[in-house]
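Novice: This is the structure I want to talk about, given as structure tokens.
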Amino acid sequence: MIWLDITDPKYVLFFKDFIPLLKGLDDVLITTRKSDDYDECANLLGLFDIQAVCIGEYGGAEKLDKLQARLMRQQKFLELFKKIGTPKIFITGVSVEGCHTAYGLNIPIIQFSDTPIIGHRVDSKLLSIVARLSLPLSTLIFHPFIVPSKCYKLLGLNQNQIFSYKFIDVALWLKDLKPAKDFRDILNIPKNIPTILVREEEYKAHYVKSRLNTIYEGIKKLSSLNVNIVIMPRYGNKELKQEFKKYQNIYIAKQKFKPQEFYPYIDLLIGGGGTMNLESCYLGIPTISTRSLFLFHDIYLLKNNLMQHAKNSDEIFMLAKNILTNNTKNKQKARSLFEPSGDANFKSILKIIKKKFYS
């Protein structure tokens with residue numbers, strides 16, 4: 001049995017086409033987590049009809065709560081495996097508790113890692129807490145080519161454990177994107193004016209110091225333009241609904257949408273996170289980042305003029321206004337930078353896993 005723990009929305013999209021291939025090797029158990037204010041991952045799994053067992057919850061922003069949630073998940077994993085047996089291998093993206101459980105049970109750990117460093121320098125001081133807690137336990141690590149392999153060697157891993165793949169993750173699930181039902185119809189949004197999609201920063205994550213108001217102040221300023229502004233919440237929509245209730249052209253997306261339901265219909269993305277910024281750039285959509293930190297991905301996008309960065313709400317407004325006035329897309333250039341090998345797939349990765357564990 002292959003155990004796959006998916007705890008981040010990005011990895012639902014990443015693994016969804018890998019799961020059928022894994023099922024060709026062995027039975028596959030998929031686990032996830034779900035909380036009242038953090039259900040995006042579980043909802044996405046349901047959206048793609050991926051059967052998963054919900055084990056435990058998200059710990060929130062506080063360290064004590066994070067640790068308690070991880071310990072509770074580990075206990076529930078043990079209870080589950082006592083009933084169904086111990087998996088042969090464990091695969092994940094960012095599950096610390098999954099790694100600790102697998103390591104304790106002597107289950108080989110395969111990790112996909114694109115953010116070992118909270119920054120864009122190979123520096124041990126910048127290693128993330130999640131990387132320190134999980135990556136050294138790995139049997140194999142796979143990472144995108146824009147992240148230097150040296151980052152993983154800082155954690156004591158050998159070169160023969162580290163494999164680079166020749167694409168950036170989002171290319172996997174976006175390369176065949178075809179427009180589906182327009183999310184503007186579902187949200188009752190006018191179609192005769194530009195639509196700006198806004199994604200919050202993951203401000204409860206361990207690597208974000210605090211919740212900055214930059215993106216929210218920028219949204220308020222942009223509301224003076226003749227545009228639709230759709231906010232895609234990170235953790236919940238109650239606070240956002242309260243903050244923006246008096247604005248007629250600001251919409252809070254309550255439900256989750258597939259990429260093909262919204263990307264074809266937006267004119268600009270303003271993103272505080274990483275994955276959606278990458279997705280937007282890959283599709284050639286004008287993108288403004290408001291992130292409070294720069295990772296290897298961010299530097300790559302900025303250097304190749306696929307994305308712009310705004311440091312404050314005034315810059316958000318000016319950049320957005322300029323983009324909407326001179327809207328241009330360069331989809332061909334973007335794709336060549338995300339897929340320099342010409343194709344994004346799991347073939348070479350599956351071959352390595354099969355040789356190592358199923359030969």
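The values are calculated or read from the model by the stated rules, or taken from the named source; none is laboratory data. Remember, it's a predicted structure, so these values are computed and weren't measured experimentally. For neighbour counting, all protein chains shown are included, and Cβ atoms are generated from backbone atoms with ideal geometry for every residue, glycine included.
Novice: Name the pairs: first residue in region 75-88 and closer than 13 Å to GLY104 by Cβ, second residue part of a helix (DSSP H, G or I), Cβ to Cβ under 8 Å, at least 6 apart or on different chains?
Specialist: That search, which allows pairs on different chains as well, returns PHE77/GLU97; PHE77/GLY98; PHE77/THR101; LEU78/THR101; PRO87/PHE81; PRO87/ALA102.
Novice: Among the listed residues PHE112, PHE142, which satisfies the condition of being closer than 18 Å to PHE15 by Cα, touching a Gly at 6+ places or on another chain (Cβ under 8 Å) and either buried (at least 20 other Cβ atoms within 10 Å of the Cβ) or among the acidic types (Asp, Glu) (or both)?
Specialist: Numbers: PHE142 fails: touching a Gly at 6+ places or on another chain (Cβ under 8 Å).
Answer to the check: PHE112.
Novice: Continuing with the same structure: Among helices (runs of 4 or more DSSP H) lying entirely in region 246-331, which contain 3 or more residues that are among the aliphatic types (A, V, I, L, M)? Spell out how you get there, then give the answer.
Specialist: On the way: elements: 259-262, 275-282, 296-303, 313-325.
Qualifying helices (runs of 4 or more DSSP H): 296-303, 313-325.
Novice: Can you say whether LYS354 is modelled with pLDDT under 95 and of a type in the set (D, E, K, R), as far as the supplied structure shows?
Specialist: Criteria not met by LYS354.
Novice: Residues that are closer than 25 Å to PHE262 by Cβ and aliphatic (A, V, I, L, M): does region 148-170 have at least one? Step through it out loud before you land on a result.
Specialist: Of the residues in region 148-170, the ones closer than 25 Å to PHE262 by Cβ are 167-170.
Right, trim to aliphatic (A, V, I, L, M) and you get 168, 170.
There is at least one residue in region 148-170 that is closer than 25 Å to PHE262 by Cβ and aliphatic (A, V, I, L, M).
Novice: For region 217-269, give me the residue count where each residue is more than 22 Å from GLU279 (Cα to Cα) and among the acidic types (Asp, Glu).
Specialist: Residues in region 217-269 being more than 22 Å from GLU279 (Cα to Cα) and among the acidic types (Asp, Glu): 3 in total.
Novice: Spot the failing condition for TYR300; the list is (1) crowded, with 20+ Cβ neighbours inside 10 Å; (2) aromatic (Phe, Trp, Tyr); (3) not assigned by TED's automatic domain parsing to the domain that holds ILE189, and only one is missed.
Specialist: (3)
Novice: Within region 305-325, work out how many residues are more than 15 Å from GLY218 (Cα to Cα) and loosely packed, with under 13 Cβ neighbours inside 10 Å.
Specialist: Count: 2.
Novice: Of the residues GLY93, GLY46, GLY104, GLY59, which single one is over 16 Å from the mean Cα position of the chain (by Cα), of a type in the set (Gly, Ala, Ser), at negative phi and buried (at least 19 other Cβ atoms within 10 Å of the Cβ)?
Specialist: Values: GLY93 fails: over 16 Å from the mean Cα position of the chain (by Cα); GLY46 fails: buried (at least 19 other Cβ atoms within 10 Å of the Cβ); GLY104 fails: buried (at least 19 other Cβ atoms within 10 Å of the Cβ).
Answer to the selection: GLY59.
Novice: Among the numbered criteria (1) within 27 Å of PRO148 (Cα to Cα); (2) at pLDDT 95 or above, which single criterion is violated by LEU293?
Specialist: Tallying (1) within 27 Å of PRO148 (Cα to Cα); (2) at pLDDT 95 or above, LEU293 fails exactly one: (2).
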